[in-house]
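**Q** Pasting a structure below so you can have a look.
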Amino acid sequence: GKPRVVVVGGGAGGATAARYIAKDSKGEIDVTLIEPSRMYYTCFFSNLYLGGFKEIEDIGHSYGTLASGGVNVVHDWAIGVDRDAKTVTLAGGATVAYDKLILSPGIDFVEGAVEGWDLSAQNAMPHAYKAGSQSELLKAQLMAMPEGGTFAMVAPPNPYRCPPGPYERVSMVAHFLKNNNPTAKIIVADPKPKFSKMALFQEGWANNYEGMIDWIGSDFGGDNVSVDANAMTVTIDGEVTNVDVCNVIPAMKAGRIAELAGVTDGNWAPVNAIDMSTKADPDVYVLGDSSQQGDMPKSGFSANSQAKVCANAVRGALTGSRVFPAKFANTCWSLIDTNNGVKVGATYEATDEKIAKVDGFISATGESADVRKATYEESEGWYTGITTDMFG
Ligand code: FAD
């Protein structure tokens, strides 16, 4: 029969890979996508939803176009991988055979990473680091904050998905509070001494949200934190604070199915840069956040870029189609305030060791309002383009 590709995870990496293999192989390859959700809510632009710049519907994408484009979309969880038999087991009981398996399951949280927090506390103290109901919950809590209340964030240690994500979120929360609850305060406990686009964010916070945001890095005890979801307190370096909202973003690792497949080093899945195949198994590929690939940040843009390289290589391996040299790109945009966008990005190539950075760029502090507005508009165009590239 035809060669079979199974893709686990219909997010940024998996949806792109499934769509490209089905589209470009023109029916020569059977492509099955396993994804439990009927609607995928992008984490990208979920902070803009918190800030009031987007509606939740604007960041939701369904799988109908993938299905009509030839992808066999199965809404179920993959719960096991047998790499000898080359099969994937689904929670619903089915077994699906593959010649090539592509895993793009995103992230899971490291257990016990933040003292006092586990998944049972995620309703009182949401992470909103997987978008959808968690994003809606965090927004509802933000809107219900009492006048002059306190919003706390526990930021994650490196490496994690979307390096500027927590700080864009702080900006969007501050934007909302400035307009709706101007005496409210934001505290950030951060286990790191510095963070992505730090100078740009700190300049933006000083200019737009003066006195509202207290960022406590590891040099000041931000790495010594615990929470109590019943008492709604955060303890930073021994000091207990009562908070009204607490956004806990724990340390991350590869999605569990990558671990179950036995292709991780315990946290992440080491891959070969040339095609995203795992070091553990040449027929199992890992894309996006779950992979350990080298210099690229964990982002939707990166996952999409890696998926296209992988799709091209998998097609070549199965049908003999032409394989192009691996080239990758990423840009991470962040919105600081209305029409005030900043960005950081780079291009990459595959070396024997890793995906290696070639050239990079970053917005400058002190840029004009026109440049910042153009950067924001560029991010809007990127969102439309990339979600079409992923979901059709
Ligand atoms: P995901 O997109 O998370 O997809 C994983 C999918 O796998 C999910 O749909 C999940 O349901 C499914 N899955 C998991 N386990 C299983 C299983 N066992 N069986 C079947 N399916 C499974 N990136 C950008 O490029 N730009 C941004 O502006 C940006 N902003 C962000 C802001 C925030 C607040 C956050 C949290 C992230 C942001 N990101 C951004 C990062 C981006 O969302 C991720 O890097 C990207 O989604 C990673 O793609 P992925 O395919 O690895 O995982």
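Derivation of every value follows stated rules applied to the coordinates shown; laboratory data play no part. Remember, it's a predicted structure, so these values are computed and weren't measured experimentally. No Cβ is skipped: glycine too gets one built from the backbone with ideal geometry, and neighbour counts run over all protein chains shown.
**Q** Let me know the longest stretch in the chain that avoids all trypsin sites (Lys or Arg not before Pro) found in a DSSP loop with at most 12 other C-beta atoms within 10 Å.
**A** 39-193
**Q** While we're on this one: How big is the Rg/Rh ratio for the chain, C-alpha atoms only, Rh by Kirkwood, two decimals? Don't skip to the answer; put the middle values down first.
**A** Values: Rg = 21.0 Å, Rh = 21.6 Å.
Rounded to two decimals, Rg over Rh is 0.98.
**Q** Which aspartates and glutamates have a Cα less than 16 Å from the Cα of K197, not counting those fewer than 8 places away in the same chain?
**A** Result set, ordered by chain and number: E168, D337, E367.
**Q** Same structure, new question: Against the longest principal axis of the chain, how steep is helix 300-319, in degrees 0 to 90 to the nearest 10, with axes from Cα atoms?
**A** Value to nearest ten degrees: 10.
**Q** In Å, what is the Rg of the alpha-carbon atoms in region 261-392, and how long is Dmax?
**A** For region 261-392, the Cα radius of gyration and maximum Cα-Cα distance read 16.7, 52 Å.
**Q** Then there's this: Among all the aspartates and glutamates, which ones have a C-alpha under 15 Å from K192's C-alpha, if same-chain residues fewer than 8 places away are not counted?
**A** Once the sequence-local aspartates and glutamates are set aside, what remains near K192 is D214, D219, D223, D237.
**Q** Then there's this: What is the distance in Å between the Cα centroid of region 350-392 and that of region 75-100?
**A** Distance between centres, Cα-based: 36 Å.
**Q** May I pose another question? Within the chain, what percent of beta bridges assigned by DSSP are antiparallel, to the nearest 5? Please list the in-between numbers first.
**A** Numbers: 40 of 73 bridges.
The answer is about 55 percent antiparallel.
**Q** Measure nothing but the geometry: give the 0 to 90° angle between the long axis through the Cα atoms of 133-143 and the longest principal axis through the Cα atoms of the chain, rounded to 10°.
**A** 10
**Q** Given the rule -39500 (n - 2.57) for each run of at least 4 DSSP H residues, summed and divided by the residues of the chain, what is its mean residue ellipticity at 222 nm, to the nearest 500 deg cm²/dmol? Mind showing how you got there, number by number?
**A** On the way: 9 runs with 111 residues, N = 392.
After summing the helix terms and dividing by the residues of the chain, the value is -9000 deg cm²/dmol.
**Q** What shape does region 39-86 take by its C-alpha gyration tensor, where a ≥ b ≥ c are the square roots of the eigenvalues and a/c under 1.5 counts as rounded, a/b above b/c as prolate, and the rest as oblate?
**A** Values: a/c = 4.25, a/b = 1.99, b/c = 2.13.
Because a/c hits 1.5 or more and a/b fails to exceed b/c, region 39-86 counts as oblate.
**Q** Also, I was wondering about something else. Could you pull out the GluC sites (Glu not before Pro) across region 123-202 that fall in loop regions by DSSP (anything but H, G, I, E, B) with no more than 13 other Cβ atoms inside 10 Å?
**A** On the way: sites: E136, E147, E168; in loops: E147.
Those that pass, being in a loop and sparsely packed, are E147.
**Q** Assign one of three labels to region 348-392, namely rounded, prolate or oblate, based on the Cα gyration tensor with a ≥ b ≥ c the square roots of its eigenvalues; rounded applies when a/c is under 1.5, prolate when it is not and a/b is larger than b/c, and oblate otherwise.
**A** Values: a/c = 5.71, a/b = 1.27, b/c = 4.48.
Taking the square roots of the gyration eigenvalues as a ≥ b ≥ c, region 348-392 is oblate.
**Q** Can you list the HN-Hα couplings for region 215-229, worked out from phi with the Karplus curve (6.51, -1.76, 1.60; θ = phi - 60°), rounded to whole Hz and with x for Gly and Pro?
**A** 3J(HN,Hα) across region 215-229, in whole Hz: 8, 10, x, 5, 5, 10, x, x, 8, 10, 9, 9, 10, 10, 6.
**Q** Next up: What are the chymotrypsin sites (Phe, Trp or Tyr not before Pro) within region 231-326 that DSSP puts in a loop, where the Cβ has at most 11 other Cβ atoms within 10 Å? Present the calculation step by step, with values, prior to reporting the outcome.
**A** On the way: sites: W268, Y285, F301; in loops: W268.
Qualifying residues, ordered by number: none.
**Q** Something else now. Taking amide H atoms as placed 1.01 Å from N in the peptide plane, list the residues 5 or more away in sequence, or in a different chain, whose amide H sits under 5 Å from that of I187.
**A** F151, A152, M153, D214
**Q** If the only charges are +1 at each Lys and Arg Cβ and -1 at each Asp and Glu Cβ, what is the size of the charge dipole of region 38-118 around the Cα centre, to the nearest 20 debye? Don't skip to the answer; put the middle values down first.
**A** Details: 5 positive and 11 negative charges, 79 e Å.
Dipole of region 38-118, to the nearest 20 debye: 380 debye.
**Q** OK, next. Which angle from 0 to 90°, rounded to the nearest 10, does the C-alpha axis of helix 165-180 make with the longest principal axis of the chain?
**A** 40
**Q** Does region 49-149 classify as rounded, prolate or oblate by the C-alpha gyration tensor (a ≥ b ≥ c root eigenvalues; a/c under 1.5 gives rounded; else a/b over b/c gives prolate, otherwise oblate)? Could you put the intermediate results ahead of the total?
**A** Details: a/c = 3.57, a/b = 1.67, b/c = 2.13.
Cα axes put region 49-149 in the oblate bin.
**Q** V240 to V371: extension gain in nm, 0.36 nm per residue of separation minus the Cα-Cα distance?
**A** The V240-V371 span can extend by a further 43.0 nm.
**Q** Tell me which lysines have Cα within less than 24 Å of K279's Cα, excluding those fewer than 8 residues away on the same chain?
**A** Partners found: K86, K100, K253, K298, K308, K327, K354, K357.
**Q** Then there's this: Work out the charge dipole of region 36-103 with +1 on the Cβ of Lys and Arg and -1 on the Cβ of Asp and Glu about the Cα centre, then indicate which of L103, Y63, Y41 is farthest towards its positive end.
**A** L103
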